[in-house]
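Before any comments, here is the structure.
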Amino acid sequence: MAGFLRKLLPKRFRKDGITIPVVRLQGAIISGGGQFRPTLNLANVSPVLEKAFAMKDAPAIAISINSPGGSPVQSRLIFTRIRELAREKQKKVLVFVEDVAASGGYMIALAGDEIIADATSIVGSIGVVSGGFGFPELLKKIGVERRVYTAGENKVILDPFQPEKEKDIEYLKSLQLEIHQVFISMVRERRAGKLTDDATVFSGLFWSGTRGLELGLIDGHGDMRQERKR
């Protein structure tokens with residue numbers, strides 16, 4: 001996930017003798033490990049971040065992100081750890097978006113002092129989603145009786161084997177709104193003075209890097225081999 005590469009960054013960081021650590025964050029953001037494909041969480045990201053920030057002579061840390069999102073908790077923990085290390089080691093953080101930095105992936109990208117993406121990258125998706133399936137009719141059809149015993153009237157809230165209840169849905173939406181507000185606050189703080197007042201920014205939509213630049217979600221187009229272009 002991390003490589004210490006030279007001459008892959010904008011010219012202002014290409015002085016002789018300077019090595020810029022590059023940390024690659026790729027995959028869905030999930031608590032725990034993935035057996036068949038890479039996943040991101042604080043536990044597996046922290047060691048490579050700490051190793052990169054420990055390079056005393058590096059003026060900046062480059063982070064390459066390619067993630068469609070996932071756990072808001074792990075996304076925020078990774079974001080927080082990057083900012084903690086940046087303050088502690090007094091280094092700039094340059095984020096480069098590859099194919100996608102959406103939802104939790106974009107939350108992590110907010111840790112960058114600059115966010116650079118390709119014009120065709122996908123960025124944004126500032127929202128919260130949860131989903132599942134319901135099987136109450138299936139149980140009836142196959143002749144299975146559901147038996148659940150609880151202490152606490154809400155312990156089986158949103159049980160997929162029971163019909164949905166309006167109050168359960170309202171409660172879930174209230175949780176989503178709280179988490180969404182945290183995400184919005186992070187974007188407003190980290191992108192202060194750069195965001196447009198377009199009402200769709202926080203709607204959950206996602207955009208190309210071209211539109212993302214217009215909305216103020218990123219700072220420019222390019223990659224680690226190019227100067228940033230507005």
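Nothing in this text is a laboratory measurement; each read-out follows from the coordinates by a stated rule. Computed from a predicted model, the values in this text were never measured in an experiment. Neighbour counts are summed over all protein chains in view; Cβ atoms, including those assigned to glycine, are modelled from backbone coordinates with ideal geometry.
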Return the FRET efficiency for the residue pair residue 146, residue 170: r is the Cβ-Cβ distance, R0 is 22 Å, and the value is rounded to the nearest 0.05.
-> 0.40
Please work out whether the chain counts as rounded, prolate or oblate from its C-alpha gyration tensor, where a ≥ b ≥ c are the square roots of the eigenvalues and a/c under 1.5 means rounded, while otherwise a/b larger than b/c means prolate and anything else oblate?
-> prolate
Near residue 164, within a Cβ-to-Cβ distance under 13 Å, what is the net charge of the other residues, with Lys and Arg +1 and Asp and Glu -1?
-> -2
What number of lysine-lysine pairs in region 41-156 show an alpha-carbon separation below 23 angstrom, given a sequence spacing of 8 or more or placement on distinct chains?
-> 7
By the mean-Cβ-within-10 Å protection proxy, highest first, 108-115, 161-168 rank as 108-115, 161-168
Of all DSSP beta bridges with both partners in the chain, the antiparallel percent, nearest 5, is 25
